[in-house]
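Please read the structure below before turning to the comments.
Every number here is computed from the coordinates shown, using simple stated rules; none is lab data. These figures come from a predicted structure and were not determined experimentally. Don't worry about glycine lacking a Cβ; one is built from the backbone with ideal geometry, like all the others, and counts go over all protein chains shown.
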Amino acid sequence: MIIDPPFKRLYHDNASLVKFPLALGYLSGAVLKWTDWEVQAYNADFNPKKKAITIDNVTRIKEGMDRYLRTLEDPAAPVWAEIRSAIAEFNPDVIGISSKTQNFPSAMRVARIAKEHDPGTLVVLGGPHATLSTMAALDCPDIDVAVLGEGETTLVELLEARENGAPPSEVAGLAYRQDGRKVFTPPRTNIADLDELPFPAEAAPRVLRDYASYPAEAFGYVFSARGCPYACTFCESKAIWTQTTRWRSPENVVRELKLLMERGVRYVYFDDDTFGIHPRYIEELCSLIETECPKLKWGCEITVGVVKERSVEWMRRSGCVRVNIGIESGNNRILRSVKKGHTIEKAYPAVDLCRRKGIEVGAFFMVGFPWETEETLRDTLTAIEKINADNIMLSIFTPYPGSELFQVCKELGVVDDDFDITIYNHQSPENCFTAFIPPERFKELVREAVSVVGRKNSRGRWRRAVMMLLHRDFYRTRHMARQFLLTRAAWYSARVFRRLRLRASA
């Protein structure tokens, strides 16, 4: 049983990750294809009863963080009861948990539930956190083995070793405890030919728990490549995939897209760390999508440097309607410090070019880097106001253990040995990891930034709706309307709840 632990559901009753996580899809598909094991993929962050889309602003509210912490520490909470029931029903011999750093506390709770069900269950941790913080992950007594780096081949060989009674020492790419020591096996070589991997959605009807409750759009996520050549110091993609990019063939990608379209998917998002690094690959893939999938709409995440007129034209012709661009800061000194590879002056025309070609643009910004000052943060606010993006996504910098900037934060004295990953993530109100702005002042600036982003996004929302209608993109228009209604419903519900709570306390 391969589990994606809950995270969004810990924040709010209506939260739900309406997505078949690609990690679960690839791992379970590999087990199904290359072993005789029975396998179930379980997205524990999906709520089949609610199916609501997570409201980003919920995580910015202190009440959301308080509820997250209460649910995380309450073993009787409904989400943990659901996981107990799912594990008991499938009764697995091996449980794999895919964990990022932000949901590792939740992963530890899942591991504990697994061991309570059956102490003999082999609990395997994979995902970024297992690679970035291996030693700390193995401090959890309920986790037996950590898979380092790319996991499909490693998991298959680990299951074969268990089936044959062989020790984990015979499997490359693992870390585990032996006689009180933490032992590492030789590193695993990454998969050379990504076309060998099964399509995640192909196995979904057979392996995904609650498959019938998922809408078609939950399967509209695709990888075209693994690996990112860039060196952004706040991102540790290179720890998982390395900085060598491996591409799937355009033909292989399009076969998957056609499968998704046959199953009712009409919009696909490329979940690559950054899409189309090589212009020639963009042209080859987009040309094939235009020919073979003429009605498909799609989006992706790209860097400023990738935005060239010829590439963007190919993307638009093949159905690209949305790109997300990582701008991160409006101050060039900060951009150099995090090795972003562009200047803010280059970001503005990149966004403008996409907009001129009729592609909607989302811009990622982040505040609170270790060297952030009030002046550099205000440069970012100015950039947010100035940039011609349709939507702004704002994060608060978090120094995840194992990343380059985590060590910088330790050297600057803003992170100590008591750093608690339970309370810090990109939307946590507790985040403050800059050495040059006092915490209370930083929180004031973050509130101001959230307000600026809110105003900017409200202006862009109606413009996006009009553009989608002009392009006859009725599916995404309905999706956007649903998001808006859910957001308003959640806001009104929270408001009513606060009023009732105040009356009760009075």
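Applying a 4.7 Å Cβ-Cβ cutoff to the chain, the cysteines left without a disulfide-compatible partner are CYS140, CYS228, CYS286, CYS293, CYS300, CYS320, CYS354, CYS409, CYS432. Report D for the chain in µm² per second (integer): Stokes-Einstein, Kirkwood Rh on Cα pairs, 25 °C, 0.890 mPa s. Roughly 103 µm²/s, to the nearest whole number. For ASN190, neighbours were defined as the other residues whose beta-carbon sits under 11 Å from its Cβ, and their charges (Lys and Arg +1, Asp and Glu -1) total 0. How far is the Cα center of segment 245-282 from the Cα center of segment 78-134, in Å? Answer, in whole Å: 30. Three semi-axes describe the equivalent ellipsoid of segment 2-184; taken as square roots of 5 times the Cα gyration tensor eigenvalues and ordered largest first, they are 28, 17, 15 Å. Here the ratio of the Cα radius of gyration of segment 169-317 to 2.2 N^0.38 Å is 1.23.
Show that you can apply the helix-only estimate: for the chain, add -39,500 (n - 2.57) for every DSSP H stretch of four or more residues, divide by all residues, and state [θ] at 222 nm to the nearest 500.
-14000 deg cm²/dmol
In terms of surrounding Cβ atoms within a 10 Å radius of their Cβ, TYR269, TYR176 rank from fewest to most as TYR269, TYR176.
Can you flag which of LYS340/LYS410; LYS258/LYS308; LYS295/LYS456; LYS308/LYS357; LYS339/LYS456 are past 19 Å Cα-Cα?
LYS340/LYS410; LYS258/LYS308; LYS295/LYS456; LYS339/LYS456
Here the contact order of the chain, divided by its residue count and restricted to Cα pairs under 8 Å and six or more residues apart, works out to 12 percent.
The residues SER213, SER458, when put in order of fewest to most other Cβ atoms within 10 Å, stand as SER458, SER213. Applying 1/(1 + (r/R0)^6) with R0 = 60 Å to the Cβ-Cβ distance of ASN332 and ALA88 gives a FRET efficiency near 0.60.
Which FRET efficiency, nearest 0.05, do ARG378 and ASP66 yield, Cβ-Cβ r, R0 30 Å? About 0.50, to the nearest 0.05.
Here MET1, MET135, MET393, MET315 are placed in order of increasing Cβ neighbour count within 10 Å, fewest first, which gives MET135, MET393, MET1, MET315. Under 28 Å of direct C-alpha separation, and excluding same-chain neighbours fewer than eight residues apart, LYS115 reaches these lysines: LYS8, LYS19, LYS33, LYS49, LYS100, LYS182.
What FRET efficiency, computed as 1/(1 + (r/R0)^6) with R0 = 35 Å and r the Cβ-Cβ distance, is obtained for GLU292 and SER458, rounded to the nearest 0.05?
Result of the calculation: an efficiency of 0.35.
Taking 0.36 nm per residue of separation and subtracting the Cα-Cα distance, full extension of the segment from ARG246 to ARG181 would add 19.9 nm. Placing dummy labels 7 Å off each Cα toward the beta-carbon, the span from ALA435 to LYS339 is 1.9 nm.
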